[in-house]
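Data first, discussion second: the structure below is written as structure tokens.
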Amino acid sequence: MKIPYVILVLFFVAVACTDQVMVPPVEYTPVTDIGKYNMKIIPQPQTSADNIKLVMYDDCQYNLLDGVTREGSMISIEKHFNSMMKLPCMLRNDTIVIGKLPVGIYTINYKLLDLSTSVTNPVSLAISFNLTVSK
């Protein structure tokens, strides 16, 4: 009587595990001029009293923000889209609030992911750059 329950549990575990997609670790390309990627940090220069923002010029409206996370001096910004939707790219400016930061040097990792299941590499863009916040 217990054997069918064990088989049933194993079946559900196997089905649950097949839905998980393994994303390989992302290697960020370090850049010194984010202007080449139509990005700008405002205000210039950045101080600890400022509410710091990343402005993205000519960004497709379907690139949606997943979140901004900070762990120590590492700030991660992630956006995503789905190329299977075949949506037209309507250009717009997007402002992402990073917030007020203490004095220091920060590394910002920006990643744009394609959620489509038909692509072999879901990372469309992965760059990293430094942000210096002064007093």
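The values are calculated or read from the model by the stated rules, or taken from the named source; none is laboratory data. Not measured: the values here are computed from a predicted model. Note that we place each Cβ from the backbone using ideal geometry, even for glycine, and neighbour counts take in every protein chain shown. Accessible surface is based on the protein model in full, side chains and every heavy atom, while ligands, DNA and RNA are left aside. Shrake-Rupley method; radii C 1.70, N 1.55, O 1.52, S 1.80 Å.
Per residue, the accessible area of the stretch 71-135 comes to 57 Å² when a 1.4 Å probe rolls over the protein heavy atoms.
In order along the stretch 75-80, phi translates into HN-Hα couplings of 10, 10, 10, 10, 10, 9 Hz, rounded to whole numbers, per the Karplus curve 6.51 cos²θ - 1.76 cosθ + 1.60 with θ = phi - 60° and x for Gly and Pro.
Where both residues lie in the stretch 40-135, what percent of DSSP beta bridges are antiparallel, nearest 5?
Working: 27 of 36 bridges.
Antiparallel: roughly 75 percent of the beta bridges in the stretch 40-135.
Projected label points at residue 117 and residue 105, each 7 Å from Cα along the beta carbon direction, are separated by 4.5 nanometres.
Need the C-alpha centroid separation for the stretch 83-135 versus the stretch 30-55, integer Å. The two parts, judged by their Cα centres, are 12 Å apart. Past the 22 Å Cα-Cα mark, which pairs from 40/86; 36/100; 53/135? Correct reply: 40/86; 36/100. Compared with the alpha-carbon gap, the fully stretched path from residue 42 to residue 85 is longer by 12.2 nm at 0.36 nm per residue.
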